[in-house]
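Enquirer: Quick one: this structure, given as structure tokens, is what I'll be asking you about.
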Amino acid sequence: MNYLQIARSHEEVFRNVLRDLRDNRAQRPMGLYLPENLETDAGLEVIFEKYSLGMRYRRFTITDFTVNEGSATIAFEDVALLSGGGACLKYSVNGNAVEYVEDEYVFMS
């Protein structure tokens, strides 16, 4: 799914979710698949291109980002033949501030 327009409409929320993932990767489900140097401050198009476009085999990939009233979700994966995994994580949103709530799903292949 192309989440870029949603990220543009909710840019600070999107960036704050990415910052949480980067800063708390050891505490997030499937955090081992998150890059230690996850980009959070580049232009949204750069982030989208780096983490969602092109051949994604064995590469960290943001697959979806949504914002609903009071919450946001981000889905990511890093999948290869018979290996990898991913998750969809839910955050509460208050203004532009985000707080991790729970995983909606986690998978390993």
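Coordinate-derived values only; no laboratory data. In this text the structure is predicted, and so the values were computed from the model without any measurement. Neighbour counts run over all protein chains shown; Cβ positions are idealised from the backbone, glycine included.
Enquirer: Rounded to the nearest 500, what is the chain's calculated 222 nm mean residue ellipticity when only DSSP H runs of at least 4 contribute -39500 (n - 2.57) each, over all residues?
Expert: Values: 3 runs with 28 residues, N = 109.
Per the formula, -7500 deg cm²/dmol.
Enquirer: Along Cα→Cβ, 7 Å out, is where each label goes; now give me the distance between the ones at Arg58 and Ser83 in nm to one decimal.
Expert: Using points 7 Å along Cα→Cβ, the separation is 0.7 nm.
Enquirer: What angle, in degrees between 0 and 90 and rounded to the nearest 10, separates the Cα long axis of helix 11-23 from the longest principal axis of the Cα atoms of the chain?
Expert: 50
Enquirer: What value in Å³ per residue do you get for the convex hull of the alpha-carbon atoms in the range 1-58? Intermediate values should be presented prior to the final figure.
Expert: Details: hull volume 5.5 nm³, N = 58.
Here the figure is 95 Å³ per residue.
Enquirer: Then there is this: Step by step: find N for the chain, compute 2.2 N^0.38 Å, then divide the Cα radius of gyration by it. What's the final number?
Expert: Numbers: Rg = 12.9 Å, N = 109, 2.2 N^0.38 = 13.1 Å.
Rounded to two decimals, the normalised Rg is 0.98.
Enquirer: While we're here: At a 10 angstrom cut-off on C-beta neighbours, averaged per residue, how do the peptides 6-14, 76-84, 39-47 rank from highest to lowest? Could the numbers behind the result be given before it?
Expert: Numbers: 6-14: 16.9, 76-84: 15.1, 39-47: 13.1.
The densest-packed peptide leads the list: 6-14, 76-84, 39-47.
Enquirer: While we're here: How high is the relative contact order of the chain? Use alpha-carbon pairs under 8 Å, at least six apart in sequence, and give a whole percent.
Expert: 24
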